[in-house]
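Working notes, beginning with the structure itself.
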Amino acid sequence: AFDDFQSWYIIIVNLARLSDWMLGPFVYQIYAFYLYSDYDKAVLFVFGYLTSGIFGIFIGSLADRFGRKRMCSLFCILFASSSLIMAHFGSSFVALLCGRLLSGISTSILHSVYESWMVTHHHLHQYAPSALHQTFETAQSVNSIIAIFAGIIGSYSIAMYRHYDLF
């Protein structure tokens with residue numbers, strides 16, 4: 001049972017992380033396509049990180065109240081909504097701010113609730129304490145590979161989009 005749980009956790013959390021890693025290059029291309037100034041780009045990025053920091057204070061208690069699995073599902077909804085808003089309404093600075101708001105909230109969920117869910121499940125089923133360390137270690141190692149993979153995919157995707165004049 002533990003091996004199944006560990007495998008599913010590592011797959012799920014790293015798919016979520018992959019989506020987060022993939023967002024950066026595309027968001028930057030959207031900003032460049034609509035000719036936002038460096039100042040505007042900085043405001044948008046800082047707004048997203050600030051949102052994440054502010055909502056990060058409340059995400060843990062929301063996860064305790066509504067459940068960690070629900071919050072992980074909320075990550076998917078918010079992240080997808082954020083991506084769609086930024087991709088389809090990139091010409092509107094206000095829409096981009098809304099997208100960054102949703103992205104910031106989803107980032108807080110990604111970097112806290114998934115691990116909390118895993119630890120809670122681990123303790124609930126009384127798996128060996130050493131297995132918890134192993135799960136974290138494996139998940140982080142896979143995340144490193146995912147980050148590299150996402151960078152390569154992002155670079156090729158943007159080059160392909162430019163080649164076909166999609167941006």
Give me a count of the residues in segment 87-109 that are open to solvent by less than 30 Å² (accessible area, probe 1.4 Å) and farther than 9 Å from SER52 by Cβ.
6
Residue pairs meeting the criteria (Cβ under 6 Å; at least 6 apart or on separate chains; first small (Gly, Ala, Ser), in segment 108-124; second open to solvent by 10 Å² or more (accessible area, probe 1.4 Å) and modelled with pLDDT of 90 or more):
SER108/SER52; SER108/PHE55; SER108/GLY56; SER116/ARG68
Residue count, segment 21-58 (criterion: touching a Leu at 6+ places or on another chain (Cβ under 8 Å) and open to solvent by 40 Å² or more (accessible area, probe 1.4 Å)):
1
Free of Cβ contacts under 8 Å to residues at least 24 places away in the same chain, among the polar types (S, T, N, Q) and assigned to a helix (DSSP H, G or I) - does that describe any residue in segment 73-81?
yes
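Do you know which residues across segment 1-46 are among the basic types (Lys, Arg) and within 15 Å of the chain's Cα centre (by Cα)?
Filtering segment 1-46 down to residues among the basic types (Lys, Arg) leaves 17, 41.
Hit for segment 1-46 is ARG17, nothing else.
The values are calculated or read from the model by the stated rules, or taken from the named source; none is laboratory data. A quick note: this is a predicted structure, and the numbers were derived from the prediction, not measured. Methodologically, a virtual Cβ is constructed for each residue, glycine included, from the backbone with ideal geometry; neighbour enumeration extends over all protein chains shown. Just so you know, the surface numbers come from the protein's heavy atoms only, side chains and all, with ligands and any DNA or RNA stripped out. Shrake-Rupley method; radii C 1.70, N 1.55, O 1.52, S 1.80 Å.
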